[in-house]
1. Given the options B:48, B:53, name the one that is exposed (fewer than 14 other Cβ atoms within 10 Å of the Cβ), within 22 Å of the chain's Cα centre (by Cα) and either at pLDDT 95 or above or part of a helix (DSSP H, G or I) (or both).
2. Criterion first (under 29 Å from residue B:107 (Cα atoms), near DNA strand D (Cβ under 9 Å from one of its atoms) and free of Cβ contacts under 8 Å to residues at least 24 places away in the same chain) does residue A:86 satisfy it?
3. So, in region B:1-58, how many residues would count as being touching a helix residue (DSSP H, G or I) at 6+ places or on another chain (Cβ under 7 Å), touching a residue at least 60 places away in the same chain (Cβ under 8 Å) and more than 14 Å from every other protein chain (Cβ to nearest Cβ)?
4. Just the residues that are in a helix (DSSP H, G or I), more than 15 Å from residue A:130 (Cα to Cα) and within 14 Å of chain B (Cβ to nearest Cβ), please, taken from region A:70-114.
5. Taking region A:31-45, which residues are closer than 25 Å to residue A:113 by Cα and crowded, with 16+ Cβ neighbours inside 10 Å?
6. With the requirement that a residue be outside any helix (DSSP H, G or I) and either away from DNA strand D (no atom under 11 Å from the Cβ) or crowded, with 21+ Cβ neighbours inside 10 Å (or both), what does region A:21-30 give you?
7. Given A:68, A:98, A:20, which one is at positive phi and more than 16 Å from DNA strand C (Cβ to nearest atom)?
8. Considering (1) away from DNA strand C (no atom under 16 Å from the Cβ); (2) more than 20 Å from the chain's Cα centre (by Cα), say which one residue A:28 fails and leave the rest.
DNA sequence: TGTTGATTATACTAGACAGTATAGTCGCTA
DNA sequence: TAGCGACTATACTGTCTAGTATAATCAACA
């Protein structure tokens, strides 16, 4: 894949998170990425398509990283226990700038909007991923626990973005342990 | 206070939540409110001031409603237990359209922005309110529990907005009970 | 050297948007 | 009935933005 294309994607991702999606103009993106509008529109049909691709890339990068971490776990039933350890590691890293689909669904609340639809789909998929981990750990109401953990996750990311270094993730992790240990097993 | 001023505030609040703040134009607001820009700018110096007032009104309305509900509790130590019952009632009501400061902080991520500052202040104040309830219930780490409950709250509101009727609040409530009961007392 | 493809530079269109100016309408009250 | 204040109607300015058109540059390569 073209290096310029990549550069535009990462630049857009960064600007979207730090300035907001609607507040970030195409001119702004190309200026920071060191290219021109012509090139951007060569790779992306429209700003909307760019936004969608940024969302997909972000989610894929995170999922890939997370799955890689979890695969090093010895037993699959341990994975749900370690989930928030990795989430904390990820959120605490200096490179962390937020979760795309959370911000996007807030900025595009209209349910007919393709951007909103992709956002809520990603949120759903992440919840299903957690549910799978819960099921592997023989938890009875895997979907219920997954929903609760996803609430903690989204809340923590939100809080961490609202004021950085609030320690929200640390407490989310503690809460997650309590909820996991309190969940009934099959 | 002027009825028109009130009408503009509630109309703007509704449009901000359903379409996004940045995506809602002043022309749009006055058209729906059935008035003109001249009148809007008579009551609000700028769109930014309007946004700030909408945020303040929303939070005040919610807090007033919530405090009224909680005051009917017999013992003050019961209040923290009932908090999520009322939150569920509020989120499940047809009139619910979201929480202003969550959306606003997502759309205005710049920490220097007055709108972002007000949003994060409101989030902080709500957390302190929960902390006070926790302290009244003799919970040892009141601030820690309050942070966890606020994560559940914000996560649930977010989820409920992402797809309505997902039952997120119900599971948030269950999680809250577990966390409250698991918290150490002084 | 001449051609090709990717990229740049720059200027443009068309529409949206915040905010203002000016004149007019309507109802109330003296 | 005359005046006053709240509100409307409408047109305007200036700025920003997404997206396009056109020509120029540059590097690789045959």
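1. Numbers: B:53 fails: exposed (fewer than 14 other Cβ atoms within 10 Å of the Cβ).
Answer to the check: B:48.
2. Values: under 29 Å from residue B:107 (Cα atoms): yes; near DNA strand D (Cβ under 9 Å from one of its atoms): no; free of Cβ contacts under 8 Å to residues at least 24 places away in the same chain: yes.
Considered against the rule, which asks whether it is under 29 Å from residue B:107 (Cα atoms), near DNA strand D (Cβ under 9 Å from one of its atoms) and free of Cβ contacts under 8 Å to residues at least 24 places away in the same chain, residue A:86 comes out as no.
3. 1
4. Taking region A:70-114 and keeping what is in a helix (DSSP H, G or I), we get A:70-71, A:76-92, A:100-107, A:114.
Keeping just the survivors that are more than 15 Å from residue A:130 (Cα to Cα) gives A:88-92, A:100-107, A:114.
Selection gives A:88, A:91, A:100, A:101, A:102, A:103, A:104, A:105, A:106, A:107.
5. Initial filter on region A:31-45 (closer than 25 Å to residue A:113 by Cα): A:37, A:40-45.
Once the filter is applied, which keeps residues that are closer than 25 Å to residue A:113 by Cα and crowded, with 16+ Cβ neighbours inside 10 Å, region A:31-45 yields A:40, A:43, A:44.
6. Taking region A:21-30 first, the residues outside any helix (DSSP H, G or I) are A:21-25.
Once the filter is applied, which keeps residues that are outside any helix (DSSP H, G or I) and either away from DNA strand D (no atom under 11 Å from the Cβ) or crowded, with 21+ Cβ neighbours inside 10 Å (or both), region A:21-30 yields only A:21.
7. On the way: A:68 fails: at positive phi; A:20 fails: more than 16 Å from DNA strand C (Cβ to nearest atom).
The unique qualifying residue is A:98.
8. Of (1) away from DNA strand C (no atom under 16 Å from the Cβ); (2) more than 20 Å from the chain's Cα centre (by Cα), only one is false for residue A:28: (1).
The values are calculated or read from the model by the stated rules, or taken from the named source; none is laboratory data. Small disclaimer: the values here were computed from a predicted structure and weren't measured. Glycine also receives a Cβ, built like all others from the backbone with ideal geometry; neighbour counts cover every protein chain displayed.
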